[in-house]
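Student: Take a look at the following structure, please.
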Amino acid sequence: AAGVIQSPRHLIKEKRETATLKCYPIPRHDTVYWYQQGPGQDPQFLISFYEKMQSDKGSIPDRFSAQQFSDYHSELNMSSLELGDSALYFCASSFGGGAVEPYNEQFFGPGTRLTVL
Amino acid sequence: AQKVTQAQTEISVVEKEDVTLDCVYETRDTTYYLFWYKQPPSGELVFLIRRNSFDEQNEISGRYSWNFQKSTSSFNFTITASQVVDSAVYFCALSDGASGGSYIPTFGRGTSLIVHP
């Protein structure tokens, strides 16, 4: 079965550079979530989109922005990168906004490992 | 606010031992969902189980079993006859509608399970 696709899988950037992470949800999923997992930490919710509209916002820095496109894929744009942004970034997808069982299961992508030097 | 506590930071066992990972949660909602995820060294998050607050039946899936007890706000996970491949970080997560109806999961800090041959 098709899974969530994230690209790139690994990314190395310098401080103050920008980065764009992409997420392709499971076909027919209309909800996308972004998480940040620092080393040895639990995943922290950043932001989510349902039907191309922002649905929830977590601890996303102002330097980051995201959007969901008409084909439901999403991009996380990160500017003025800092050393502390080095983390594993997960995208997850679900159907119908993710609030109603059984659609509230989030399917996670393999993650993008971002290293900021 | 919702909260998930995984008091065990790291557990080390020898293959074939049984091991229980504890998860205690806090929520004011009567409708909520509990999850367990496995994160192997490769980094991806693997969904293991979802349980809603109205279903206290315990579940068994092969060597995995889950004990949900609302009276103690716990959702513990037991691996029977552990294997080296079970070595991973295991996250317990809770989602409820406290945030204005959104069901974004909050993760515990994770328990690192090391199974020695």
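Student: Using only the alpha carbon atoms of chain B, find the Kirkwood hydrodynamic radius as the inverse mean reciprocal pair distance, in angstroms to one decimal.
Tutor: 14.4 Å is the Kirkwood radius here.
Student: Could I ask something else about it? Over chain A, with a Gaussian network built from C-alpha contacts below 10 Å, which listed residue (A:Gly40, A:Gly97, A:Gly84) shows the highest mean-square fluctuation?
Tutor: A:Gly40
Student: Something else about it: Report the extension gain between B:Thr30 and B:Ile114 in nm, rounded to one decimal, defined as 0.36 nm multiplied by the number of residues separating them, less their alpha carbon distance.
Tutor: Going from the current span to full extension adds 26.8 nm.
Student: Next question. Going by how many other Cβ atoms sit within 10 Å of their own, how do A:Tyr24, A:Tyr33 line up, fewest first?
Tutor: The most exposed by this proxy come first: A:Tyr24, A:Tyr33.
Student: Applying the Karplus parametrisation 6.51 cos²θ - 1.76 cosθ + 1.60 with θ = phi - 60° to the phi angles of region A:60-77, what ³J(HN,Hα) value in whole Hz is obtained for each residue in order, glycine and proline being reported as x?
Tutor: 8, x, 4, 6, 9, 9, 8, 8, 10, 9, 4, 8, 6, 6, 10, 10, 10, 9
Student: Please report, in whole Å³, the volume per residue of the convex hull around the C-alpha atoms of the protein assembly as shown.
Tutor: 125 Å³
Student: Counting other beta carbons within 10 Å of each Cβ, put A:Met53, A:Met78 in order, fewest first.
Tutor: The fewest-first ordering by Cβ neighbours comes to A:Met53, A:Met78.
Student: Let me ask something else. Step through the table entries B:Lys38/B:Lys70; A:Lys52/B:Lys70; A:Lys15/B:Lys38; A:Lys22/B:Lys3, compare each Cα-Cα distance with 28 Å, and write down the pairs that go over it.
Tutor: A:Lys52/B:Lys70; A:Lys15/B:Lys38; A:Lys22/B:Lys3
Student: How big is the Cα convex hull of chain A in projection, averaged over all directions, in nm²?
Tutor: 6.9 nm²
Student: How about region B:35-116: which chymotrypsin sites (Phe, Trp or Tyr not before Pro) there lie in a loop by DSSP and see at most 15 other Cβ atoms within 10 Å?
Tutor: For chymotrypsin sites (Phe, Trp or Tyr not before Pro) across region B:35-116 that sit outside H, G, I, E and B with at most 15 neighbouring Cβ atoms in 10 Å, the list reads B:Phe54.
Student: So for B:Val85, A:Val4, fewest C-beta neighbours within 10 Å to most, what's the order?
Tutor: In order of increasing Cβ crowding within 10 Å: B:Val85, A:Val4.
Student: Apply the Karplus parameterisation 6.51 cos²θ - 1.76 cosθ + 1.60, with θ equal to phi minus 60°, to every residue of region A:13-21 and state each ³J(HN,Hα) to the nearest whole Hz, in sequence, with x for glycine and proline.
Tutor: 9, 8, 3, 6, 7, 10, 9, 10, 10
Student: Taking θ = phi - 60°, what integer Hz values does the Karplus form 6.51 cos²θ - 1.76 cosθ + 1.60 yield along region B:34-51, in sequence order, with x for Gly and Pro?
Tutor: 3J(HN,Hα) across region B:34-51, in whole Hz: 10, 9, 10, 10, 10, 10, x, x, 5, x, 6, 9, 10, 5, 10, 7, 10, 9.
Student: Would you tell me the mean number of C-beta atoms belonging to other protein chains that fall within 10 Å of each C-beta in A:36-49, as a whole number?
Tutor: Shielding by partners across A:36-49 averages 3.
No lab work stands behind these numbers, since they all come straight from the coordinates. Quick caveat, the model's predicted, so the values are computed rather than measured. Glycine also receives a Cβ, built like all others from the backbone with ideal geometry; neighbour counts cover every protein chain displayed.
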